[in-house]
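Just so you know, all these numbers are worked out from the coordinates, no wet-lab data involved. Just so you know, these numbers come straight off a predicted model, no measurement behind them. Positions of Cβ are backbone-derived with ideal geometry, glycine not excepted, and every protein chain shown enters the neighbour counts.
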Amino acid sequence: MAQRASTQAIGFLMQQGLENADCLSLAAGFVDPATLPVDLAQKAISEIANQTAQGQISLQYGAPSGSDQLRAVFRDHLTQLEGPGSKMQELPLSRMMLTTGSQQFLTLVSQAILNPGDICLVAAPTYFAYLGVLDGVGAEVLPIAADNNGMDPAALNSTLEQLAAENRLHKVKLVYVVSYHDNPSGVSVSEERRPQLLDCVKRWSKESHIFLLEDAAYREMNYSGETLPSIWSFEEASHNEHVILTQTFSKSFSPGLRVGIGVLPPQLVNSVTDIKSNEDFGSAHFNQNVVAHVLKSGDYQRHVKSLHTAYRIKRDAMLAAADEFFSDIPEVTWLKPEGGLYVWMSLPSSISTSFKSPLFRQATEVNKVMYVPGRLFYPSTWEQRPDNQMRLSYGVLNAEQIHDGMKRLAEAVKAVIS
Ligand code: PMP
């Protein structure tokens, strides 16, 4: 396991962050420190501690998947997000799991489903820390084309067709989709494609049961337009379901609390719960109580609204700076996200953005700005993975710093192009 985990980009990226601490960082995927709800956390913690019984319960161990009382609060929250009449309201609590961030849920599910050599299909590009998890369990990871509307169902279909022709369909166990404001592209899967992706997965569940892992980490981070129902909501309830859903309070409240939620198909409940019980017999009970408290008081919902305003300003600052500084550089394009934390930028195909590239050196050593190289977001075994892209985050910096960072980055790009 250690060998499989040894080449993970996240460690290298964090190292780069430390080594380039004097840079303006458009790289860090952290949330905005100025918006972290210190007051709300303080209020919730003191209200919990002021009731001795509640304080004692919260400071005690919980249950491996979270207590029923807490899971009911989190289920109410998911029901509200899905909208009135959602089948979420009837979800048996046993199918809901509270985890240490959604990252733990992603890991547990992958451990439960994938044996070494099994295949997971992911959008190209996709969330790189999940690629690390897939490497960790020894999965083979294949890229599926994605565009402005998310993963392309036709491309998914043709890859599955191809795998069937190669007699490898039985190896396919999982399709991973970040359904809202993807990390890194900022793109959401369109309304039309949501049921199409699910139908495709069901259609090809012939030789093995294929699950669709829906990572909705940025679901509540939507700054314009309406929020679509989850892919999960398109599946009819049965004993043989395909969609696994996960969400997190890391982006919308606090990553330091490490509270994530997962919704499991019935046939996975026992296996994932067993693995979690072995792992830690329950995530931080106190932190779960803090999040449940702010959900019940309405402080959470008010906080999320204020976040939208704060991030909209920063997103707009980055897009305006992209227009101002990059428009005159030929063959540079970028996507305009409606939410999330990232702008995905492509440079001319001859310009490498990787850690060892002249551009990365120029940016970090001369112009003092850092970005995340796009290569990290593609399966490492994919020979044609693009090398000319960058993930730019507007999470941590304020609007003025974002403007300055984008100016520096454009100067670095111009320096290596000329
Ligand atoms: N999924 C995606 C797409 C993410 O970007 C992240 C955090 N960067 C996570 C899952 C995991 O976050 P957490 O464990 O904090 O919930």
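Points to keep in mind about this one:
- Think of each Lys and Arg Cβ as +1 and each Asp and Glu Cβ as -1; about the Cα centre, that makes the dipole of the chain roughly 440 debye.
- Of the residues A284, N388, Y311, the one whose Cα sits farthest towards the positive end of the charge dipole of segment 279-398 is A284 (charges of +1 on Lys and Arg Cβ, -1 on Asp and Glu Cβ, taken about the Cα centre).
- Total charge dipole magnitude, segment 266-348, about the Cα centre, Cβ charges on Lys, Arg, Asp, Glu only, Debye to nearest 20: 460
- Charge dipole magnitude, Cβ of K and R +1, D and E -1 - segment 143-275, Cα centre, debye nearest 20: 320
- Linear extension gain, A21 paired with L59, 0.36 nm per residue minus alpha-carbon span: 10.0 nm
- Among complete DSSP H helices in the chain, those whose alpha-carbon atoms stretch at least 30 Å along the helix's long axis and whose mean Kyte-Doolittle hydropathy reaches -1.0 are 299-326.
- With at most 14 neighbouring Cβ atoms within 10 Å, loop GluC sites (Glu not before Pro) (DSSP) excluded, longest segment of the chain: 1-165
- Distance (nanometres) between label positions extended 7 Å along Cα→Cβ at I275 and D32: 3.6
- Positive-end ranking of Q54, L18, S94 along the dipole of segment 18-98, with charges on Cβ about the Cα centre, is headed by S94.
- Gained length - V366 relative to K414, 0.36 nm times residue gap less alpha-carbon distance: 16.0 nm
- Distance between the pseudo-spin-label points of R302 and I45 (7 Å out from Cα toward the beta carbon): 2.0 nm.
- Taking 7 Å steps out from each Cα toward its Cβ at D404 and E226 produces label points 4.2 nm apart.
- Straight Cα distances below 24 angstrom link K276 to the lysines K173, K251, with same-chain residues fewer than 8 positions distant left out.
- Loop-located trypsin sites (Lys or Arg not before Pro) in segment 265-357 (DSSP state other than H, G, I, E, B) with a sparse environment of at most 12 neighbouring Cβ atoms within 10 Å: K356.
- Highest GNM mean-square fluctuation among F74, F211, F325, for the chain modelled with Cα contacts below 10 Å: F325.
- Ellipticity estimate at 222 nm from DSSP helix runs (n ≥ 4, -39,500 (n - 2.57)) divided over the chain, nearest 500: -12500 deg cm²/dmol
- Under 16 Å from the T381 label point (7 Å along Cα→beta-carbon), backbone N, segment 113-150: 114-123, 131-144
- Taking the charge dipole of segment 144-186 about its Cα centre, with +1 at Lys and Arg Cβ atoms and -1 at Asp and Glu Cβ atoms, the residue from H170, N157, I144 reaching farthest to the positive side is H170.
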